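Read the figures in this text as sums done on the coordinates, not as results from a lab. Worth saying up front: this structure is predicted, and the values here are computed from it rather than measured. Quick reminder, even Gly has a Cβ in these numbers, built from the backbone with ideal geometry, and neighbours come from all protein chains shown.
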Amino acid sequence: MDAFVIEGGQRLRGRLRVNGSKNSALPIMAGVLLTDQPVTLRDVPDLSDIRNMVRLLGELGVAIGRETDTEGRPVFCIQTIDERASHARYDIVRTMRASVCVLGPMLARRGRARVSLPGGCAIGQRPVDIHLRGLQALGARISLEDGDIVAEVPGGRLTGATVFLGGANGSTVLGTANVMSAATLARGTTVIECAACEPEIVDLASMLNAMGARIEGAGSPRLTIRGVESLSGVDHTVIPDRIEAGTFMCAAGITDGDLTLDNCPLDALMAATTTLDAIGVSVEPIGSGDDPMRRTCRVRRSGPLKSAPITTQPHPGFPTDLQAQFMALLCVAEGNSVITEKIFPERFLHVAELQRMGASLNRQGATAVVTGVGSLHGARVMASDLRASAGLVLAGLAAEGTTTVNRVYHIDRGYESLEDRISSVGGSVRRVKPEPAPIG
């Protein structure tokens, strides 16, 4: 498994474009299963999760071609050519939890679906019972066989219903995507209460509506979906990745850098940018811009880094996927910061690795107290999940000496060519192959 070797102490200066959103692209790609017409998707990032979704869709009878537009950005040309397959196998599903998003579209369009249970992950258990409860409310018959979810529609077509998708940690993004997608082809009207409000759900609804769906309320806790007979093709551009943008903002702050970010979804990052302002990192929009989800902004320190409280919450609250990156930033800020994780209480595996770099951290359950230190020190650390990996890279950029981040395959799931992009703005990050273990 590859590793990143980072030489710390370099200030990041320059310009970066925020790529299309991974968390939006995956359910959107699954949504293609709702039609047999051609679909064009633009600005889909080149990530291992995306490649795995391409592989999964290929097994489900979907043909996918890849081109580039006039600006060199990716364009996916997608069309379902065989609707007989309906099994999402464990070998693929285990590589990414978003694979479960094929369940709703397949069930609605093909009347049956068999999807391997995705299981847990390093940041905690994320059960799919809410997905299943929602689909059952629409008339699906669901059973578990050999570790697979087996779903069928006895009457041939799902039926609209009122569905509550709330859970212990609030609404579920993937569950909302699954049930909303399935409801587009259901008979009658579906109302989803406690729906996820994330921008990725809005993006999926926007694409489905352009295909002929009738979805109202996207971005609010109540969705109303009036079922239609069929959906057409579409040409859709994926929204920018708010987590990638937030990561680059933290990178500018932690290195005392000066970054200009293009294609930045500022409208989706208000909780993060407000917290950055309190910490001492300025995010200044450049120009007026027609689309608040695709702005240009300048990110730099506005003074000494200061402590700040953070509590992760469902959107529009502070995103859990930026918790590790902000923790790294607060490690070199003045004073004591308290970080409370309300979404995934176990999402603190990066704490021990940051401590190896000299961070002063004290975790108690779902809360971590961060006491700022003068500087971090390079060390060999181990990535445990995607966003923890990003936090460790940021810490390495600010640390004195050399940091080696092992198991960066996690990073490749959510950041396209991160080492090259950071190096292009003055950082020193290189990818290396691991040294063979000594014999004897």
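Positive contributions from Lys and Arg (+1) and negative ones from Asp and Glu (-1), summed over other residues with Cβ under 13 Å from the Cβ of ILE92, come out at +2.
What is the sum of charges, Lys and Arg at +1 and Asp and Glu at -1, for the other residues whose Cβ falls under 11 Å from the Cβ of GLU216? Intermediate values should be presented prior to the final figure.
Numbers: positive: ARG214, ARG222, ARG226; negative: none.
Overall, the nearby charge balance is +3.
A full extension of the chain between SER220 and HIS87 corresponds to an added length of 44.6 nm, given 0.36 nm per residue minus the alpha carbon distance. Karplus-derived 3J(HN,Hα) values for region 332-339, using 6.51 cos²θ - 1.76 cosθ + 1.60 with θ = phi - 60°, are 10, 9, 6, x, 10, 10, 10, 10 Hz; glycine and proline are entered as x. For the pair LYS433 and GLU400, the difference between a 0.36 nm per residue extended length and the Cα-Cα distance amounts to 9.6 nm. Here the spin labels are modelled as points 7 Å beyond Cα on the Cα-Cβ line, and at ASP129 and MET270 they lie 3.4 nm apart. Relative to the Cα centre, the charge distribution of region 268-390, modelled as +1 at Lys and Arg Cβ and -1 at Asp and Glu Cβ, gives a dipole magnitude of about 240 debye. Charged side chains reduced to their Cβ positions (Lys and Arg at +1, Asp and Glu at -1) give the chain a dipole of some 420 debye around its Cα centre. The mean sequence distance of close C-alpha pairs (under 8 Å, at least 6 residues apart), as a share of the length of the chain, puts its relative contact order at 20 percent.
How would you rank HIS377, HIS315, going from fewest to most other Cβ atoms within 10 Å of each one's own Cβ?
By the 10 Å Cβ count, ascending: HIS377, HIS315.
Here the extension length gained between GLN136 and ARG42 equals 30.5 nm, from 0.36 nm per residue of separation less the Cα-Cα distance.
Ellipsoid semi-axes for region 22-237, based on the Cα gyration tensor and the rule √(5λ), read 23, 19, 18 Å when sorted largest first.
Based on the Cβ-Cβ distance of THR340 and ASP256, what FRET efficiency does E = 1/(1 + (r/R0)^6) give at R0 = 30 Å, to the nearest 0.05? Before the final figure, lay out each step's value.
On the way: r = 27 Å, r/R0 = 0.91.
Once the sixth-power term is evaluated, E becomes 0.65.
Under 5 Å between amide hydrogens, built in the peptide plane, is the criterion, and for ASP258 it picks out LEU12, ARG13, GLY14 among residues at least 5 positions away or on other chains. The H on the amide N of ASP2, modeled in the peptide plane, is under 5 Å from the matching H of VAL408, TYR409, each at least 5 residues off or on a different chain.
Where both bridge residues fall in the chain, DSSP classifies roughly 75% of the beta bridges as antiparallel. Out of ILE78, ALA383, VAL234, whose Cα points farthest toward the positive end of the dipole of the chain (charges: +1 Lys, Arg; -1 Asp, Glu; placed on Cβ)? Value computed over the given set: ALA383.
Each Lys and Arg Cβ is given +1 and each Asp and Glu Cβ -1; about its Cα centre, region 22-237 then shows a dipole of about 460 debye.
Take VAL299, VAL432 and order them by how many other Cβ atoms sit within 10 Å, fewest up front.
Numbers: VAL299 25, VAL432 13.
The order, fewest Cβ neighbours first, is VAL432, VAL299.
Amide H to amide H distances under 5 Å link HIS236 with THR40, LEU41, ARG42, where only residues 5 or more positions off or on other chains count and H is placed in the peptide plane.
Bridge orientation summary for region 22-237: considering DSSP beta bridges with both residues in this region, about 75 percent are antiparallel.
Taking N as the residue count of the chain, its C-alpha radius of gyration divided by 2.2 N^0.38 Å amounts to 0.98.
In terms of other Cβ atoms within 10 Å, LYS22, LYS433 run from fewest to most in the order LYS433, LYS22. Taking Cβ atoms as reference points and 14 Å as the exclusive limit, the residues near THR402 contribute a net charge of +1, counting Lys and Arg as +1 and Asp and Glu as -1. Remark: relative contact order (region 1-74) = 29 percent; criterion is Cα-Cα distance under 8 angstrom and separation of 6 or more residues.
Spin-label pair LYS306-VAL75: with each label point 7 Å from Cα along the Cα-Cβ axis, the two points sit 4.9 nm from one another. Structural descriptor for region 22-237: relative contact order 21 percent, calculated from alpha carbon pairs under 8 angstrom and at least 6 residues apart. With helices as the sole contributors, the chain gives -8000 deg cm²/dmol at 222 nm; each DSSP H run of n ≥ 4 counts as -39500 (n - 2.57), and the sum is divided by every residue.
Which FRET efficiency value, to the nearest 0.05, is calculated for ASP146 and ALA210 with the Förster distance at 41 angstrom and r the Cβ-Cβ distance? The partial results should precede the final answer.
On the way: r = 38 Å, r/R0 = 0.93.
Rounded to the nearest 0.05, the efficiency is 0.60.
Which of VAL54, PRO27, SER181 sits closest to the plus end of the dipole of region 22-237, meaning its Cα is farthest towards the positive end, when Lys and Arg get +1 and Asp and Glu get -1 on the C-beta? Of the options given, the answer is SER181. When the chain is described by a simple charge dipole with +1 on each Lys and Arg Cβ and -1 on each Asp and Glu Cβ, the residue from GLY257, LEU16, ALA333 located farthest towards its positive end is ALA333.
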